[in-house]
1. Which of the residues belonging to the range 109-160 are small (Gly, Ala, Ser) and within 22 Å of Val66 (Cβ to Cβ)?
2. Of all residues being surrounded by fewer than 24 Cβ atoms within 10 Å (Cβ to Cβ) and within 11 Å of the ligand (Cβ to nearest atom) in the range 25-35, which is nearest to Gly146 (Cα to Cα)? Just the residue, please.
3. Across the range 56-75, what is the total count of residues that are in a helix (DSSP H, G or I) and without any contact (Cβ under 8 Å) to a residue 24 or more places away in the chain?
4. Grab the helices (runs of 4 or more DSSP H) fully contained in the range 125-238, keeping just those with 3 or more residues being surrounded by fewer than 17 Cβ atoms within 10 Å (Cβ to Cβ) and either within 16 Å of the ligand (Cβ to nearest atom) or over 16 Å from the mean Cα position of the chain (by Cα) (or both).
5. Can you go through Leu322, Leu299, Leu288 and tell me which one is within 16 Å of the ligand (Cβ to nearest atom) and either within 18 Å of Pro176 (Cα to Cα) or not β-branched (Val, Ile, Thr) (or both)?
6. Looking only at the range 226-247, filter to residues that are of a type in the set (D, E, K, R) and modelled with pLDDT of 95 or more; which one of those is farthest from Tyr156 (Cα to Cα)?
7. Only one of these is touching a residue at least 40 places away in the same chain (Cβ under 8 Å) and among the aliphatic types (A, V, I, L, M): Ile220, Ile216. Name it.
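The values are calculated or read from the model by the stated rules, or taken from the named source; none is laboratory data. Source: prediction; values computed, not measured. Note: ideal-geometry Cβ built from the backbone for every residue, glycine included; neighbour counts use all protein chains shown.
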Amino acid sequence: METPILRMAGNPEDSNELYIKREDLLPFSMGGNKVRIAEAFFRDMKQKGCSSMIIYGSRHSNLCRVLSALCRSRGVPCVMICSHEEGEEQEITNNTVLVDWTGTEIVHCRKQEIAAAVEDVMKRLTAEGKTPYYIFGNKYGTGNEGTAASAYAEAYREILEYEGRQGFSFDYIFLPSGTGATQSGLICGKLLMGGRASVMGVMISSREYERAREVIREGIVSYFERAGKILPGDYQQEIHLLDQYRQEGYGKYDKRIEDCIREVYCRDGVALDPVYTAKAFWGMKEYLREKQVKGKKVLFLHTGGGPLFYDYLTKREKASLL
Ligand SMILES: *Cc1c(COP(=O)(O)O)cnc(C)c1O
């Protein structure tokens with residue numbers, strides 16, 4: 001399913017042409033990059049002959065929302081391992097509710113206990129006669145990087161085809177970078193199919209910079225290995241990761257990001273959430289300004305996260321009534 005690429009209104013003082021690819025409009029479970037990624041995991045599960053799915057994420061997780069809905073709609077048992085920081089056990093988000101609706105069993109654990117929780121659930125499902133599939137590979141969460149990347153290696157083709165139809169090339173593609181799977185995928189697409197745009201990941205969490213780069217690199221290597229393709233020697237030049245716009249870390253934002261949400265909504269009618277898309281959009285604008293980038297064609301990948309936009313709206317509304 002192809003999503004539209006649209007020209008954004010932009011500021012009068014902007015000399016760059018801004019475009020947006022609306023992955024938020026993908027037609028399942030409120031859209032977002034996780035729709036493509038969840039489908040890739042689902043196919044991989046089937047290919048590996050597994051019959052039940054183990055997913056992992058926080059209470060905000062868009063991936064868990066989409067995967068739990070996909071499993072439910074296709075009759076595949078699903079268990080979610082949900083990690084939380086000390087003190088945030090009580091927080092309920094829109095995504096938590098939607099996961100709960102699907103009847104997905106939720107196993108709670110602390111951030112340091114993920115591997116043990118995965119192992120426990122694997123053993124239990126196996127004892128019940130099921131063949132479990134853990135989306136991130138082994139209990140430490142490695143070994144399956146290429147699967148998520150494959151989703152955006154394929155989606156990249158849509159960007160190239162759009163460029164072909166328009167008769168121009170983008171100079172940049174900006175996107176929020178969390179686990180880096182989406183970014184790895186786009187880079188793989190570019191390495192395989194060509195194109196001119198630099199893929200610019202805007203970090204949204206406080207994950208260590210070198211570690212984040214390394215995960216993206218592993219995603220690229222793993223995808224090429226599985227696809228049986230030869231990786232160009234200079235592929236690491238394609239990894240552009242910005243760590244200066246993440247503010248205080250995952251889920252943390254200040255007034256600049258809130259203003260950005262309003263501005264983009266008022267100018268373009270597009271909803272951005274403060275955790276991923278607005279942070280990255282704001283980071284992109286800052287980058288273009290700081291580096292004095294002018295006269296370029298810039299594509300922003302709207303990776304979805306609709307339920308988080310509504311979490312934010314509700315929170316604002318409540319705050320304004322206090
Ligand atoms: C997961 C997510 C991201 C980050 O994607 P990664 O592939 O993990 O880097 C960005 N935006 C939204 C809305 C997401 O749900």
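1. Those that are small (Gly, Ala, Ser) and within 22 Å of Val66 (Cβ to Cβ): Ala117, Gly137, Gly141, Gly143, Gly146, Ala148, Ala149, Ser150, Ala151, Ala153, Ala155.
2. The extreme case among them is Gly31.
3. Qualifying residue count, the range 56-75: 1.
4. Output list reads 145-166, 209-227.
5. Leu299
6. Checked the range 226-247; the qualifying residue farthest from Tyr156 (Cα to Cα) is Arg246.
7. One residue alone meets the criteria, Ile220.
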